[in-house]
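The values are calculated or read from the model by the stated rules, or taken from the named source; none is laboratory data. Treat the numbers as computed from the prediction; the structure is a model and nothing was measured. Cβ sites come from the backbone with ideal geometry, for glycine too, and all protein chains shown count toward neighbours.
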């Protein structure tokens, strides 16, 4: 645990002074040698015994607010030492066809959900085939008609899971239900082109000892380019110019799925299918590779090959990702202040 702005804790020193001012401001009452002469012990109610509760609630709320302003933080990842890593941009298709079913470990899920799950295994490891990529800068771009940066390049992989969950398949009747492969590649290439600056912002002086060994794009799509400004081949040329490889993965096959009907199992075409020729071409332009992944197990095997092709070396830069606790502390203080206000207006209301 650490405090990002520890000077705010000096506010705790002000609280005793505020207590003295409060006591002086209460005014004087009538003095008696023995209060018991006016009020028998058995007549003292619980309300009277707890009359100072609102004051204590306000005091506790002030303490919580001061601690919140000091911004307490706790590390959520282990400190890692790295020296030569790979900058990886995941480029994931979220067009409507990615909602079609795909087999994975004996059950059916949407193609997008399988892609997200296996990607998480690729990053964090699954204690089996995939060992994880702890030393790599990893970011994510998703696309339908338009590409967007889901997560910037980062060494703090703990944040990736939250960003991955935000990716949703485009609705079938949405005007955005298109596939802009070229624009997505161009955006990912631009992010990788400035990866050194991104790294310097994250690790500060440590960035001087960290070397980006290579830059790659892992493209996953089940369709064909039918939208956007850039053709996939043009975007691939841009990636080649910046020294970026593209590993292209066709997800789910050729747009034909098996559907159980009253007349037996039928083959139904769900779209145009994977444009193998284009994906092979953009991989070839950049010196990368192309694979087809019919199911989740095949996709996992592709990632194993990428793991083998793109190795990282662990050695020297240290970083730590922190979780902020300002919001829960401030929320708790607000609840206490509201409770104090309610008690002062009801059970502990004082008449003039």
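Applying the condition of being in contact (Cβ under 8 Å) with a residue 60 or more places away in the chain and in contact with a strand residue (DSSP E or B) (Cβ under 8 Å, 6 or more places away or on another chain) to region 120-143 and asking which residue is surrounded by the most Cβ atoms within 10 Å (Cβ to Cβ) yields 137. The condition (being at pLDDT 85 or above, touching a helix residue (DSSP H, G or I) at 6+ places or on another chain (Cβ under 8 Å) and assigned to a helix (DSSP H, G or I)) is satisfied by just one residue among 238, 220: 238. Per the listing 55, 86, the residue uniquely modelled with pLDDT of 65 or more and not assigned by TED's automatic domain parsing to the domain that holds residue 312 is 55.
Within region 159-194, the residues that satisfy the criterion of being at pLDDT below 90 and surrounded by 15 or more Cβ atoms within 10 Å (Cβ to Cβ) are 159, 160, 163, 164.
State yes or no: is residue 94 crowded, with 22+ Cβ neighbours inside 10 Å, modelled with pLDDT of 85 or more, within 13 Å of residue 252 (Cβ to Cβ) and touching a helix residue (DSSP H, G or I) at 6+ places or on another chain (Cβ under 7 Å)? When the stated conditions are applied, residue 94 does not pass them. Filtering region 287-315 to residues that are in a loop (DSSP other than H, G, I, E, B), modelled with pLDDT of 90 or more and surrounded by 15 or more Cβ atoms within 10 Å (Cβ to Cβ) leaves only 288.
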